[in-house]
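Undergrad: First the structure, then my questions, so here it is.
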Amino acid sequence: MKPQHLVFLLCSLTVLLDGFDVQAMALAVPAMSSAWGLSPPAFSSALATSVLGLGLGAAFLAPLGDRFGRRPVLIACTALLGVSSLATALATDMTSLALLRLVTGMALGACQGNATALMSDFAPPGKRAWTLTLMGCNVSIGALGAGFVAPWLVAGFGWQGIFVAGGVLPLLLSFLLFVLLPEADLRAPAPAAAATTPAETPRKVGLRGLLAPDMRGKTLLLWAIYSLNTFLIYMVMSWLPTLLGTAGWDSATALRSVMAFHLGGIVGALALAVVMDRGRPTTALVAGFTIAGAAAALFAFVPPTVPAWAALLALLGAGISGTTFAVFALGAIVYPSSIRASAYGWLAAVARIGAVIGPLAGGALLAFNVAPHLIMAGLAVPALLCAALSLPVRRTIGGQAPLAAAACRT
């Protein structure tokens, strides 16, 4: 097997398990609420600390991949993900649950940043958006799989079964990464990787490199778009089963509803990747966010039947999940290889602002008894704001040249 194919397989498995764990807490909330005798909004702090951990791990652990190599950081943090998820199954109160989800989130933040950076090092420049999107779709596949198996896990093992499954699998994967995963040589990139010009060689890693004069505008724009997008994603992923239960759906159907959202995300991501690789990032981002805004607004008018809302959830997922991968693919052409782990880490870290606010905002709206259809319709506002922020992308990155050519310039 060629190195780039092996990297693709292993990094895809990594983000697949990340997607499973990201969704795990939201899927466990209804069962934990019943078992612990607490209302669902009481779990807002645990949902928020998980997202906070993602930001801390992305900011302070992911950039270690630029210093010490993506491979060792990815192996260590995948193992940490497994251990912390297993420990979550032993939580007995909200304090221990929140702390364990904080550690889990830190491991996730480091894994996601380094898996994306490593894949962008090996991906063919002319198909970088497609390759990164195809890999990134495994986040949705993992979350979709979590939604599919959660009812059986809860029925057979209680809420703890979700976290046991989410712990054993990363531990097995960390062993496979140790045995099989190659490392990119950032000093002399392989032909499949993007070229690094001599001027980029001394570039500082970490936040200073990302906010250097030639990078500052690009970095701030991507941060703004991605922060709002993660607000949308984490509000939906954190509270969707609960919202649908409040709207009258039975528990199993509400849990599996996440599948429609993530299936839509996969289809939308692949469609937008084609547009990205044809050199039209502005078109991809604006179209995705506009579709999401329109789908969200329709929740105010469409009755909450399973077929109707499942279709709207698929369109919403196509817009907000699909654009997530488009932003990450754009990062591969904006940033040189020498600072990509830092770039993806800090992109995810700053976006935690929106991702922390999302679960808290959803919990507050539920606590005030806002109707589910109005909560979902309200998502149209940040989605359309993301579309507006995406309009300057073409000018900021220097035109809509094909991504392969743009990659050669970075």
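Undergrad: In this structure, is V370 surrounded by fewer than 24 Cβ atoms within 10 Å (Cβ to Cβ), over 21 Å from the mean Cα position of the chain (by Cα) and modelled with pLDDT of 80 or more? Reasoning before the result, please.
TA: On the way: surrounded by fewer than 24 Cβ atoms within 10 Å (Cβ to Cβ): yes; over 21 Å from the mean Cα position of the chain (by Cα): yes; modelled with pLDDT of 80 or more: yes.
When the stated conditions are applied, V370 passes them.
Undergrad: When the range 118-137 is examined, which residues are found to be at pLDDT 85 or above and farther than 11 Å from V7 by Cβ?
TA: The answer is L134, and nothing else.
Undergrad: Kindly establish whether D121 is among the acidic types (D, E), more than 30 Å from V154 (Cα to Cα), in contact with a Gly (Cβ under 8 Å, 6 or more places away or on another chain) and touching a residue at least 12 places away in the same chain (Cβ under 8 Å). Before you say what the answer is, go through the steps one by one.
TA: Working: among the acidic types (D, E): yes; more than 30 Å from V154 (Cα to Cα): yes; in contact with a Gly (Cβ under 8 Å, 6 or more places away or on another chain): no; touching a residue at least 12 places away in the same chain (Cβ under 8 Å): yes.
It is false that D121 is among the acidic types (D, E), more than 30 Å from V154 (Cα to Cα), in contact with a Gly (Cβ under 8 Å, 6 or more places away or on another chain) and touching a residue at least 12 places away in the same chain (Cβ under 8 Å).
Undergrad: Let me ask another. State yes or no: is T92 outside any helix (DSSP H, G or I) and of a type in the set (S, T, Y)? Don't jump to the end; show me each part of the working.
TA: On the way: outside any helix (DSSP H, G or I): yes; of a type in the set (S, T, Y): yes.
Answer is yes for this residue.
Undergrad: Let me ask something additional. Among residues belonging to the range 280-289 that are modelled with pLDDT under 90 and touching a helix residue (DSSP H, G or I) at 6+ places or on another chain (Cβ under 6 Å), point out the one that is surrounded by the most Cβ atoms within 10 Å (Cβ to Cβ). Even if it seems obvious, please write down each step before you answer.
TA: Taking the range 280-289 as the starting set, the residues that turn out to be modelled with pLDDT under 90 are 280-282.
Then drop every residue that is not touching a helix residue (DSSP H, G or I) at 6+ places or on another chain (Cβ under 6 Å), which leaves 281-282.
On the way: P281: 27, T282: 19.
Per the stated criteria, the residue is P281.
A quick yes/no check of all residues on (1) of a type outside the set (A, V, I, L, M, F, W, C); (2) over 13 Å from I233 (Cβ atoms); (3) assigned to a helix (DSSP H, G or I):
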site	(1), (2), (3)
T290	yes, yes, yes
P307	yes, yes, yes
L312	no, yes, yes
A329	no, yes, yes
S342	yes, yes, yes
A355	no, no, yes
V370	no, yes, no
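Undergrad: Please enumerate the residues belonging to the range 9-40 that are buried (at least 20 other Cβ atoms within 10 Å of the Cβ) and over 17 Å from S174 (Cβ atoms).
TA: V22, Q23, A24, M25, A26, L27, A28, V29, P30, A31, M32, P40
Undergrad: Exactly one condition in (1) of a type outside the set (A, V, I, L, M, F, W, C); (2) assigned to a loop (DSSP other than H, G, I, E, B); (3) in contact (Cβ under 8 Å) with a residue 12 or more places away in the chain is not met by T282; state its number.
TA: It is condition (2) that T282 fails.
The values are calculated or read from the model by the stated rules, or taken from the named source; none is laboratory data. In this text the structure is predicted, and so the values were computed from the model without any measurement. Neighbour counts are summed over all protein chains in view; Cβ atoms, including those assigned to glycine, are modelled from backbone coordinates with ideal geometry.
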